[in-house]
1. Just name the residue that is surrounded by the fewest Cβ atoms within 10 Å (Cβ to Cβ) out of those in region 99-125 that are assigned to a helix (DSSP H, G or I) and of a type in the set (A, V, I, L, M, F, W, C).
2. Considering each residue of region 144-195, count those that are small (Gly, Ala, Ser) and either open to solvent by less than 10 Å² (accessible area, probe 1.4 Å) or at pLDDT below 95 (or both), and give that number.
3. Looking at (1) polar (S, T, N, Q); (2) touching a residue at least 40 places away in the same chain (Cβ under 8 Å); (3) farther than 19 Å from Gln201 by Cα, find the lone condition where Asn77 falls short.
4. Within region 40-51, can one find any residue that is free of Cβ contacts under 8 Å to residues at least 24 places away in the same chain, hydrophobic (A, V, I, L, M, F, W, C) and open to solvent by less than 20 Å² (accessible area, probe 1.4 Å)?
5. Collect the residues in region 1-58 that are at pLDDT below 95, over 22 Å from the mean Cα position of the chain (by Cα) and among the polar types (S, T, N, Q), keeping them in residue-number order.
6. Condition check: part of a loop (DSSP other than H, G, I, E, B) and more than 19 Å from the chain's Cα centre (by Cα). Does Ala131 satisfy that?
7. Filter region 62-81 down to residues that are open to solvent by 10 Å² or more (accessible area, probe 1.4 Å) and of a type in the set (Phe, Trp, Tyr) and give me whichever is farthest from Tyr106 (Cα to Cα).
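The values are calculated or read from the model by the stated rules, or taken from the named source; none is laboratory data. Model, not experiment: these values are computed from the prediction. Positions of Cβ are generated from backbone atoms using ideal geometry, with glycine treated the same way; all protein chains shown enter the neighbour counts. Surface areas here come from the heavy atoms of the whole protein model, side chains and all, with no ligands, DNA or RNA. Shrake-Rupley method; radii C 1.70, N 1.55, O 1.52, S 1.80 Å.
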Amino acid sequence: MADNRSMLYWCCMDNHPPRFTSAFPMQATIAGATYLSDDRRAYYIGENFTLDDSGDNISCLNPWFGDLTVLYWAWKNTNHEYLGVCQYRRPWNEGGLASSEENVLYVPPAAIFASVEQQYMDCHSAFNAPAFSRELASKGKIPLSYEMVDNAWKQQRFHGCNMARGPKHLFDKYCEIVFATMMPLWEEHQDLCKTLTGYQQRSIAFAAERLITAIVLNGDYFFGAGKLKEARIDFTG
């Protein structure tokens, strides 16, 4: 799988370079590059980093979308046959990369909570994504049905990290669904998002992890049987 037709994009923040190396072809990508100073921009260009405000991008939304701006950049600006994203301290497991199956989109494995909704509201109640996403689904404004969204919030499995990898046609399909879900959420509630500060500012990114879980739980519907699987990720300090 590791050849010049493949690429994974490290999602990095300013002053947070990747904390790991990989045998798989990888390109470090700065999230939120719109907000870099001229000096920092010159530094990263000199280090051959990719900036997420080049090409077709949503880099300016990074304070709210977090790592989704790199996911969007990879979707819109790359033509590798196999591609994906990972975070600066959350690499895909090397053994899993080496044994990747063809025609399969991989997502991180699930964590288990008492309920996804309760865990989310305990941590992020300033942005009521469960209510907002149910409302959008009930009005047919996102590709997820009300039943899909409602079930995703009520059940226990949580596929976090906003990471995915696989053949381009499946990666593209995944991104189409993700952003057709998240952009209406932003458009409806951006005024509220812009009032949030600190850790809670990344409101859309936190909501995305739970709504991406809804996509994963309905993988057969969106991708066909056997097209979406879990793959191990590692954590660095």
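1. Cys123
2. Summing the residues that are small (Gly, Ala, Ser) and either open to solvent by less than 10 Å² (accessible area, probe 1.4 Å) or at pLDDT below 95 (or both) in region 144-195 gives 4.
3. (2)
4. Yes - at least one qualifying residue is present in region 40-51.
5. Answer for region 1-58, where residues must be at pLDDT below 95, over 22 Å from the mean Cα position of the chain (by Cα) and among the polar types (S, T, N, Q): just Asn4.
6. The answer is no for Ala131.
7. Per the criteria, the residue is Trp64.
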